[in-house]
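Structure first, commentary second.
Here, each number is a calculation from the coordinates, and none is a lab measurement. Bear in mind that the values here come from a model prediction, so they are computed numbers and not experimental data. Positions of Cβ are backbone-derived with ideal geometry, glycine not excepted, and every protein chain shown enters the neighbour counts.
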Amino acid sequence: MNYNWNWHIFLEPNPMGTGTYLDMLLAGLVVTIKVSVLAWIIALVSGTVIGVLRTLPSRTASWIGFCWVEFFRNMPLLVQLFLWFFVLPELLPKSAGLWMKQLPNAPFWTAAVGVGLFMSARVAVQLQAGIGSLPRGQKQASTALGLTTVQTYRYVLLPMAFRIILPPLTSEFLNTIKNSAVAITIGLIELTGQARSMQEFSFQVFEAFTAATVLYLLLNFVVVTAMRLLERYVAIPGYITGK
Amino acid sequence: MIEINHVNKWYGPSFQALKDCTTSVAKGEVVVVCGPSGSGKSTLIKCVNALEPIQGGDIILDGIKVNDPKTDLPKLRSRVGMVFQHFELFPHLRIIDNLCLAQEKVLGRKHDDAVVTAMKLLDRVGLKDHAKKFPAELSGGQQQRVAIARALAMNPIAMLFDEPTSALDPEMISEVLDVMVDLAREGMTMMVVTHEMGFANKVADRVIFMDRGEIVEDAKKADFFGTPRSDRAQKFLSKILQH
């Protein structure tokens, strides 16, 4: 293989005039972090609402939850991003469509919402399973004490359900970060995007993607560690994972 | 206090769990409900505070119709204490917080007042020293005593017990029954589903015997243990009293 390895490339100035190639990659990392965190918040909030809807006795509620989950998890993420970015503005009334197209930083917002909604289906299903794994008597006991349905979920069911699903939620957070790379297809220059443009400018493809890989690994390692700490912090003495 | 008039309940279209059940519990009365498993005793007691809906008949609690859609069920339920077979303490809350949650969220008591009430009741069931522990750190008998204290913290007008000792090791049954006997002697209105015939003999005013969803026998304690009128009640008694 005729390849000129050049690990000093990171310290060389990039052609955009924004500092070195390393600065370029780090700027991409920041975008990746921003879009992933925003997507994860959207996924957690809407996933929680939908997951709760799916556990309510009301037929309408569980039907809404069912439709949401099946819509967002049965379509490839790539197709969903295209839908939000290219198709939706054309389907909306003219003024709304125009507003979407002229939105500053449109790829960023579309990616955050698109990845967020895609992940919300997975959060919803896991939360539903977490709530379902609690003894039926828990809901009965808090209902019998006079707590309303909202209070029962807020103070009794959700605090336990979230503790139970924390380990799989960690994986979903990591998936959110990894899925954010798909946003490159709608023009978001995040970490993968910056690695690609570094490759195009410098022809150092292996160095560029090695660096991107390392940065993804580091970022996910931080997330895993933080979630471990959170797990330990909320562990209940004497109860399953508690000590 | 509790009036149950011609109550019918079905699970699904075909299985009738309660068949035309009629009985009542007067103020200060202790009524024990017994019968073989699957006879509908737990279902009956769960209908009293509308944890289970009924399809026919009426249940009237302290003058308020439970199965009236206009009834404020959370408010009504907060006035009736309920103790479950599997304790159903909230595992993520310390014992003291288990006792305070509904006092604060349902009755709107101030935290300090709720703590005072809670500590008084924990003292009464002999568990004051365990206030800061989590449920999983207590034995079954201790957890059930906490569950009774949690129900009492709402100043209930009546108490419902759904097989409160069935999930306990034999050596822990008496510590729970002692608390219940004290309660009965203080004049608490109680409806108790149990197989503890010793408890029934000691404090019950009346005993109800159920079989296959029907109230087969509803008699004063002396009559029930003396000469039950039905064959089925006699057979049941001979089986559980022979040891």
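Listing for the model above:
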| item | result |
| --- | --- |
| Selected from A:L22, A:L83, B:V25, residue furthest toward positive end of dipole (the protein assembly as shown; charges at beta carbon) | B:V25 |
| Charged-residue dipole, Cβ positions (Lys, Arg, Asp, Glu), the range A:22-234 about Cα centre, Debye nearest 20 | 840 debye |
| Charge tally in the Cβ shell below 12 Å around B:D211, where Lys, Arg are +1 and Asp, Glu are -1, B:D211 excluded | +2 |
| Neighbourhood net charge (12 Å Cβ-Cβ; Lys/Arg +1, Asp/Glu -1) for A:L25 | -2 |
| Label-point separation in nm, B:K235 to A:L83, each point 7 Å along Cα→Cβ | 6.1 nm |
| Label-point gap, in nm, between B:S37 and A:E231 - each point 7 angstrom along Cα→Cβ | 3.6 nm |
| Rounded, prolate or oblate (a/c below 1.5 giving rounded, otherwise prolate when a/b exceeds b/c) for the range A:34-81 by Cα gyration tensor | oblate |
| Crossing angle, helix A:59-73 versus chain A [Cα axis fit, 0-90 degrees, rounded to tens] | 20 degrees |
| Those lysines that a straight Cα-Cα span of less than 27 Å connects to A:K34, excepting residues fewer than 8 apart in one chain | A:K101, A:K178 |
| Overall form of chain B per C-alpha gyration tensor (a/c, 1.5; a/b vs b/c) | oblate |
| Degrees separating the helix A:205-234 axis from the principal Cα axis of chain A, which is the longest one | 20 degrees |
| Low-density loop cleavage sites - chymotrypsin sites (Phe, Trp or Tyr not before Pro) in the range A:136-243, where at most 14 other Cβ are within 10 Å (DSSP) | A:F203 |
| Partners for B:K105 among lysines (Cα-Cα distance below 25 Å; same-chain residues under 8 apart left out) | A:K139, B:K46, B:K65, B:K70, B:K75, B:K120, B:K128, B:K132, B:K133 |
| Rel. contact order, % - alpha carbon contacts under 8 angstrom, at least six apart, chain A | 26 percent |
| Positive-pole candidate from B:T71, B:A158, B:P135, dipole of the range B:50-167, charges at beta carbon | B:P135 |
| 0 to 90° range, to nearest 10: angle between helix A:21-53 axis and chain A longest Cα axis | 20 degrees |
| Residue (of A:M160, A:L98, A:L145) at the positive-pole extreme of the range A:22-234, dipole from beta-carbon charges | A:L145 |
| Global form of the range A:22-234, assessed from the alpha-carbon gyration tensor, a/c cut-off 1.5 | oblate |
| For the protein assembly as shown, share of DSSP beta bridges that run antiparallel, in % to the nearest 5 | 55 percent |
| Net charge of neighbours whose Cβ lies under 12 Å from the Cβ of B:D223, counting Lys and Arg as +1 and Asp and Glu as -1 | +1 |
| Euclidean distance of C-alpha centroids, the range A:68-83 and the range B:43-62, integer Å | 45 Å |
